[in-house]
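What follows is one structure encoded as structure tokens, with my remarks underneath.
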Amino acid sequence: NQLKGVNPATLAKVGKAVTQLVGPNASPAQYKQLANEVACATAIQGKNNFLRDAACANVEWYGPNRQNWYPGGKDVVPPHLKGELPGDFGFDPWNLGEDDLQERANEELYHGRWAMLGAAG
């Protein structure tokens with residue numbers, strides 16, 4: 001038994017936190033996705049590249065099954081956000097990327113590079 005000697009109050013706190021993250025009506029697939037993301041985030045902090053690659057192989061960063069800004073709310077994602085760009089978590093409340101999403105991504109890179117130069121002095 002892997003949980004032998006673990007404080008039951010600690011397990012209850014962990015269970016409550018997980019339920020808050022994935023929702024009370026979460027499917028087993030959503031719990032698995034959360035476990036994969038936690039394993040990946042933990043492995044990224046370590047120095048073992050093999051462990052990191054293995055832990056992060058099952059985490060979807062792109063596509064329709066990617067993490068959403070509103071957990072469990074696939075219907076709140078605008079149709080023009082398909083998970084094709086880094087950082088696309090489906091959040092665009094004013095539909096700024098509706099016209100030309102790739103152009104907005106290029107502008108973000110351009111301005112981010114100027115900001116890095118400005119921070120360097």
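Remark: relative contact order (the chain) = 15 percent; criterion is Cα-Cα distance under 8 angstrom and separation of 6 or more residues. Each part gets one Cα centre, and for segment 94-121 versus segment 40-69 those centres are 25 Å apart. Here Rg and Dmax of the Cα atoms in Å was computed from the coordinates, and among (i) 25.0, 87; (ii) 18.7, 57; (iii) 13.3, 41 the match is (ii).
Calculate what fraction, in whole %, of the accessible area of the chain sits on carbon and sulfur atoms when a 1.4 Å probe is rolled over the protein chains. Taking all protein chains in place, the chain shows 59 percent carbon and sulfur surface. Taking the Cα centre of the chain as origin and assigning +1 to Lys and Arg Cβ atoms and -1 to Asp and Glu Cβ atoms, the resulting dipole is close to 1000 debye. Rounded to the nearest 10 degrees, the inclination of helix 101-120 to the longest alpha-carbon principal axis of the chain is 90 degrees. For the chain, the 222 nm mean residue ellipticity estimated from helices alone, with every DSSP H stretch of n ≥ 4 adding -39500 (n - 2.57) and the total spread over all residues, rounds to -16500 deg cm²/dmol.
Per residue, the chain exposes an accessible area of 80 Å² to a 1.4 Å probe, with every protein chain left in place.
For the residues LEU96, LEU21, LEU34, a GNM of the chain with alpha-carbon springs under 10 Å puts the largest fluctuation on LEU96. Can you tell me the 0 to 90 degree angle between the C-alpha axis of helix 28-45 and the longest principal axis of the chain, rounded to 10? Approximately 80 degrees, to the nearest ten.
The values are calculated or read from the model by the stated rules, or taken from the named source; none is laboratory data. Computed from a prediction, not measured in an experiment: that's the story for all the values here. Note: ideal-geometry Cβ built from the backbone for every residue, glycine included; neighbour counts use all protein chains shown. The area values use the complete protein model at the heavy-atom level, side chains included, leaving out ligands, DNA and RNA. Shrake-Rupley method; radii C 1.70, N 1.55, O 1.52, S 1.80 Å.
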